[in-house]
Ligand code: GLP
């Protein structure tokens, strides 16, 4: 089921999600996290930092990565996770896994990434954002709901949305590696965050729309344990919000 928690600000949303992470770490000290990159997930990492949390003993698997920029580019997801998680939260760098194993071989190594996830027993808690296109990770509309980790392309909408992190639209990569929708659905708990009116249509389609590859995020409806943390603006397209609330 999808539990919807409506918060009054992204900061409060980050705090709610951080408590979910802490609860898991309290129960399982060697838990496996799935890390999302983006402003929504950033609120969770900041809140964990403010609480003085250290991710000692935790393994973390990244959701996705751009192809076409080097790992040390400031906007590679590798670099963002170093800045947002590894350094401030003390994640052991050797416990951070990226779907890009080696530059130049990105398209053929998805299977190896899946094997690495399986070898540590799977992902306990997967943080997710949602794109205005309805993507999760970089699974754009049209992605099979059974898709696995692979090389794929970004839509113009996503490139335009993410241009704010680059100097210009031209600098935003066109290719990426992403965990597939099917891969994401294997995590034991999905924690999806979305804030702002620009996300309201995508959130409504994901939670209440038909389950369809037209909105890859709608696959969360197939998962037995989903927590959605949204502010009032992102929740504004939900018609049945009260039936998703648990408090
Ligand atoms: C990128 C990431 C997604 C993320 C999305 C939303 O496109 N690849 O995993 O869900 O951004 O980002 P934000 O939280 O910044 O809106």
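Observations on the model:
- With respect to (1) within 11 Å of the ligand (Cβ to nearest atom); (2) more than 30 Å from residue 224 (Cα to Cα); (3) within 16 Å of the chain's Cα centre (by Cα), the lone exception for residue 82 is condition (1).
- Among the residues of segment 62-77, those that are touching a residue at least 60 places away in the same chain (Cβ under 8 Å) and under 14 Å from residue 166 (Cβ atoms) comprise 66, 68, 69, 75.
- Boolean, residue 60 is at pLDDT 95 or above, crowded, with 19+ Cβ neighbours inside 10 Å and under 30 Å from residue 241 (Cα atoms): no
- Exactly one residue among 146, 202, 206, 198 is touching a helix residue (DSSP H, G or I) at 6+ places or on another chain (Cβ under 6 Å) and not in a loop (DSSP other than H, G, I, E, B), and that residue is 206.
- Any hit, segment 10-33, residues being part of a strand (DSSP E or B), within 16 Å of the ligand (Cβ to nearest atom), over 16 Å from the mean Cα position of the chain (by Cα) and within 27 Å of residue 166 (Cα to Cα): no
- Hits in segment 166-211 - residues which are over 30 Å from residue 112 (Cβ atoms), within 14 Å of the ligand (Cβ to nearest atom), surrounded by 19 or more Cβ atoms within 10 Å (Cβ to Cβ) and free of Cβ contacts under 8 Å to residues at least 60 places away in the same chain: 200
- For segment 15-31, the set of residues classified as closer than 15 Å to residue 125 by Cβ and touching a helix residue (DSSP H, G or I) at 6+ places or on another chain (Cβ under 8 Å) consists of 17, 18, 21, 22, 31, listed by residue number.
- Single match in 134, 142, 121 (criterion: at pLDDT 95 or above and buried (at least 22 other Cβ atoms within 10 Å of the Cβ)): 134
- Within segment 153-163, the set of residues being in contact with a strand residue (DSSP E or B) (Cβ under 7 Å, 6 or more places away or on another chain) and surrounded by fewer than 21 Cβ atoms within 10 Å (Cβ to Cβ) comprises 153 only.
- Any hit, segment 219-236, residues being within 16 Å of the ligand (Cβ to nearest atom), within 17 Å of residue 184 (Cα to Cα), assigned to a strand (DSSP E or B) and out of contact with any helix residue (DSSP H, G or I) (no Cβ under 6 Å at 6 or more places or on another chain): yes
The values are calculated or read from the model by the stated rules, or taken from the named source; none is laboratory data. Since the structure is predicted, the reported quantities are computational estimates derived from the model, not experimental observations. Cβ sites come from the backbone with ideal geometry, for glycine too, and all protein chains shown count toward neighbours.
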